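Report on the structure given below.
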Amino acid sequence: MYPVVDKFLSLPTGLIVILAIAPWSCIAVFVNLVVVPILCGRDGKKLGKFEAEVTSQIALAFGLLMSFNAVWIWDRSDRVHAAVITEASALTTVLDDSENLGNVAQAKEIRDMVAVYSRSLIEKEWPTLGGKPLPLTRPAEMLKLRVLAQASGDANMVEAVNLAEKSREIRIRDGMAYMSPSRWGVVFALAVLLLISIGALHGESPRGRKLALALVTLAISFCFAVLMVHARPFVGQTAIQPTELQSILVRAESTS
């Protein structure tokens, strides 16, 4: 399931929007041509009066659930962005403190290990962040950097290494999390009910029904497209890039 979902989310944003509109358009056409005639009859009078308040309540529930999911996605994205920046900042602190060490050889060894660790994150770990969730085991390079920091006797450097490790865990744990299928399912069901309700509300007016269904379909499609584009922080055109780590790698290698 993961490869299929991630492959879809890796598509260009414009194409994702089009692919989101297509199925909802089919559902709207089905509601207009099949569901509404069954509920309201061919003349639209079989069902009787259908209160607009019902449609409003369904639309409210859909909006609330959509907002709930959007908040979860954007809050998660903000945490991941913050973790990436904090991780890079912590490694920068390690480099800064290494320049103040009296032992030149020890300082060089620490800078070399920061370079090795940064390169490992960029070239090995980052490409895997768009796949299945990774285990939170510490990489060998991190363990080696921790040992060197502790051997330096610099408390700030040890704290920075700990912060980099914690930030990495947040980046992996939150950045690779999927929104549960049940959340998608509930919003999908409410969207279908909303289309049916819109169709029933305009049962006696075919032209008005078509326009209303078209507008609501576009609104629903755009909502789903936005959620899908931001569903995975390390997948797609909006994916987070290791820009800060690349700067650290350049600095660490230039001072080694």
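The values are calculated or read from the model by the stated rules, or taken from the named source; none is laboratory data. Computed from a predicted model, the values in this text were never measured in an experiment. All Cβ positions, even for glycine, are placed from backbone atoms using ideal geometry, and neighbour counts span all protein chains on display.
Within segment 153-163, the set of residues being out of contact with any helix residue (DSSP H, G or I) (no Cβ under 6 Å at 6 or more places or on another chain) and either among the aromatic types (Phe, Trp, Tyr) or in a helix (DSSP H, G or I) (or both) comprises 155, 159, 162. Among the residues making up segment 223-239, those that are over 24 Å from residue 63 (Cβ atoms), under 10 Å from the mean Cα position of the chain (by Cα) and surrounded by fewer than 21 Cβ atoms within 10 Å (Cβ to Cβ) are 236, 239. Take the residues in segment 220-256 that are among the polar types (S, T, N, Q) and outside any loop (DSSP other than H, G, I, E, B), then tell me which one is modelled with the lowest pLDDT. So the residue we want is 254.
Looking only at residues of segment 116-149 that are outside any helix (DSSP H, G or I) and not basic (Lys, Arg), we find that the one that is surrounded by the fewest Cβ atoms within 10 Å (Cβ to Cβ) is 135.
Residues in segment 199-219 that are assigned to a helix (DSSP H, G or I), under 18 Å from residue 49 (Cα atoms) and either in contact (Cβ under 8 Å) with a residue 60 or more places away in the chain or under 29 Å from the mean Cα position of the chain (by Cα) (or both): 199, 200, 201, 206, 209.
Scan segment 90-106 for residues that are in contact (Cβ under 8 Å) with a residue 12 or more places away in the chain and either β-branched (Val, Ile, Thr) or part of a helix (DSSP H, G or I) (or both) and report the count. Summing the residues that are in contact (Cβ under 8 Å) with a residue 12 or more places away in the chain and either β-branched (Val, Ile, Thr) or part of a helix (DSSP H, G or I) (or both) in segment 90-106 gives 9. The requirement of being part of a helix (DSSP H, G or I), out of contact with any Phe, Trp or Tyr (no Cβ under 7 Å at 6 or more places or on another chain), surrounded by 20 or more Cβ atoms within 10 Å (Cβ to Cβ) and of a type in the set (A, V, I, L, M, F, W, C) is fulfilled nowhere in segment 173-186; no residue meets it.
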